Amino acid sequence: MNLCRYLPLLLLCCSGSAFAQQRPAEPKPKPMLLKNITLIDGTGAAPKKKVCLLVQEGNIAKILPATAVAPPTARVVDGTGKTVMPTLINMHGHLGLLKGNKSGPENYSQSNIISQLKKYQAYGVSQVLSLGMDRDIIFQLRDASHKGLIPGATFYTAGYGIGAQGGAPPATLADKVLRPATADEAVKAIQQLASLKVDFVKIWVDDGGGTQPKVPVEVYEAAIAEAHKQHLRVAAHVYFLEDARRLVNAGIDVLAHSIRDQEVDNAFISAMKAKGTYYIPTLSLDEYNFVYAGQPDWLNDPFFKASLEPGVWEMLISAEYKEQQQNDPAREKKMKAFATAQRNLHKLDSAGIKILLGTDSGAFPVRAQGFSEHLELQLMVEAGLTPLEAITAATRTGAQVLGIDSEYGTLQPGKTADFIVLGGDPTVDIRNTRKILEVWRGGKKMDTRLQ
C-alpha cells in the first residue's frame, strides 16, 4: 500500500480547506435494476422471493415484483439464483495491530489500517467499531473514512479505552490505554476521550483468570456516569457474571463479550431488560481459543485462508502449534467457557435481550478479520438463534447502536445501497453468507481483491 497516495486526501479531510469542500462531484451512476433475486432486508422479515431491487443515486429506490419493467435509463442485471442481504456491521473489532503472526502497537500505521479496512469490506463488512487499543492517528483516519477519502469499511473508534493499572490489555499490545486509579481520574479520562470525539467508550473489566487487577467498581461507575453525561455509550470487556451484574446495574450499554464462568440467572436477565443492555457474544473468539488443536472444517477453506495475515495459516497447520494447543493446560476450561457462552447466548436471546455481532477480530493473528464475522454468524445459529435473527443482529441492530440506522443496516427504500450478493440463501444455511459474489457500497460494486 502506497502511504503517499492517501496522505493528501487525509490532509484535506483534516484541514477543512476550501479546496477539499469544492472537490468536483463524481458523475451519478445510472439506475440499476437487480432482477429476480431473493432479498433479505435485515429487518428480521422473511426473505422476499423473486423480487427486483432498484438502485438509484446510491440508494435503494424501490423493491419491485419480478415482473417489474425497468426505468428507461436503468441498467438491468439478472440476479436469478442469487440472494441479496445488507452488509455486515462488526461491533467489536480492532484495527492496525496485526502484521504477519505478530500483534502490537509497532504495527500500527495508516497503511496497515487501510489494508485491514479493505479486507473487512471484501468480506462484506461495511462498518467496524474499533473497540479500544487505538493510537493517535485513528481520529484523523476515522474522519477521512466517514468522508469517503480512504477505501474499505467505514469505521468508528473507542479511542484508547480504559483499563486497570497493571491490568488488561497489556501495554505491550495497547500502549495508549488510559488507566485511572480513582473515580476523579476516571472522570478526567472520559473527558479526555470525549474531547477526541470518540464514538464509544471501552472499559476492560476482567482479571485474566485471577492473574491481573480489575478496574475498581467505583472507577468504572464514575466512568460510565461521566460518559453518559458526554452522550457516549460504553462497552465493557467482561468474563464473569458478577462483574457483568455490577456493570449492568451501573448502566453499561454493551457487554462486549459473553459471560463464560456460569449461566446467567433470571435476576440478571431482568436487569439487562430494564436497562436496555446489548450483548455481544464473540463466540468465535472463544472457539479460536481451542479449536486449532483439532481440524476445524474451514481450516483449508480458501475463504478462511485469504483472511489471514501472511504466515499465520502455516503456523496454524504446523505440528508444533497443534501440539501446543493440545497440551494447553487451560484447554478444558476454555472449552467449558465456550459451551457456557453458547448457553447464555441462547438464554439471553430467548428472553428478548438485543444481540449484536462482534468478534474481537484484529486483536490477535488467529482472529482473522473478515472470516471471523461469518464464523460468528454460524456459531450464533448453532447456539440457538435463527439465521434471520443472527443476520438482524449483524445488520439492523448494529446500525441502531451506532446511530446510523436512518441510512444503513436494512435494505429499504431510501436507505443507502450497501449490500452483499450471495450465491446461496443464508436462511437455508447460514454458511451461505460466505458465498460472496459481489459487495456493493453506495450503489457501486466494490473491488474485493485483497492484493
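Where a number appears in this text, it was derived from the coordinates with a stated rule and is not lab data. If you're wondering where the values come from, they're calculated on a predicted model, not measured in any experiment. A quick note on method: Cβ atoms are made from the backbone with ideal geometry, for glycine too, and the neighbour counts reach across all protein chains shown.
The loop-placed chymotrypsin sites (Phe, Trp or Tyr not before Pro) in segment 251-302, going by DSSP, include none that has at most 11 neighbouring Cβ atoms within 10 Å of its Cβ.
How much mean residue ellipticity at 222 nm does the chain get from its helices, if each DSSP H run of length 4 or more adds -39500 (n - 2.57) and you divide by all residues, to the nearest 500 deg cm²/dmol? Please list the in-between numbers first.
On the way: 16 runs with 154 residues, N = 451.
Result for the chain: -10000 deg cm²/dmol, rounded to the nearest 500.
Considering only Pro170, Gln230, Pro310, and ranking their Cα positions along the charge dipole of segment 167-322 that arises from unit charges at the beta-carbon of Lys, Arg, Asp and Glu, the one farthest toward the positive end is Gln230.
When only the Cβ of Lys, Arg, Asp and Glu is charged (+1, +1, -1, -1), the dipole of segment 188-297 relative to its Cα centre reaches about 560 debye. Only one item in [x] 22; [y] 26; [z] 15 matches percent of Cα pairs over 41 Å apart derived from the coordinates shown, and that item is [z]. Projecting the Cα atoms of Ser258, Tyr108, Ala337 onto the dipole axis of segment 88-402, where Lys and Arg carry +1 and Asp and Glu carry -1 at the beta carbon, places Tyr108 farthest toward the positive end.
Do the alpha carbons of any pairs in Lys119/Lys322; Lys273/Lys334; Lys214/Lys333; Lys214/Lys322; Lys50/Lys305 sit beyond 24 Å of each other, and which pairs? Write out the running numbers ahead of the final one.
On the way: Lys119/Lys322 27 Å; Lys273/Lys334 28 Å; Lys214/Lys333 21 Å; Lys214/Lys322 32 Å; Lys50/Lys305 34 Å.
Beyond 24 Å: Lys119/Lys322; Lys273/Lys334; Lys214/Lys322; Lys50/Lys305.
Counting only alpha carbon atoms, the long axis of helix 266-275 and the longest principal axis of the chain meet at about 60°.
Extension gain for the segment Glu263 to Val69, taken as residue separation times 0.36 nm less the Cα-Cα distance, is 64.4 nm to one decimal. The angle between the Cα long axis of helix 110-122 and the main principal axis of the chain comes to about 60°, on a 0 to 90 degree scale. The angle between the Cα long axis of helix 371-382 and the longest principal axis of the Cα atoms of the chain comes to about 80 degrees, rounded to the nearest 10.
Extension gain for Val217-Leu173 works out to 13.4 nm (0.36 nm per residue, less the C-alpha to C-alpha distance). Among the GluC sites (Glu not before Pro) in segment 226-266, those located in a DSSP loop and surrounded by at most 16 other Cβ atoms within 10 Å of their own Cβ are Glu263.
What full-extension length gain, to one decimal in nm, is calculated for Val76 and Glu382 as 0.36 nm per residue of separation minus the Cα-Cα distance?
Here the answer is 106.4 nm.
Out of the trypsin sites (Lys or Arg not before Pro) in segment 381-451, which ones are loop residues according to DSSP with at most 15 other C-beta atoms within 10 Å? List each step's numbers first, then the result.
Values: sites: Arg396, Lys415, Arg431, Arg434, Lys435, Arg441, Lys444, Lys445, Arg449; in loops: Lys415, Lys435, Arg449.
Within segment 381-451, the qualifying trypsin sites (Lys or Arg not before Pro) (loop, at most 15 other Cβ atoms within 10 Å) are Arg449.
Note on Glu185/Gln230: beta-carbon distance plugged into 1/(1 + (r/R0)^6) with R0 of 22 Å gives a FRET efficiency of 0.90.
Given charges of +1 on the Cβ of Lys and Arg and -1 on the Cβ of Asp and Glu, with all other atoms neutral, how large is the dipole of segment 208-250 about its Cα centre, in debye to the nearest 20? Each step should come with its number before you reach the end.
Values: 5 positive and 5 negative charges, 23 e Å.
It works out to roughly 120 debye.
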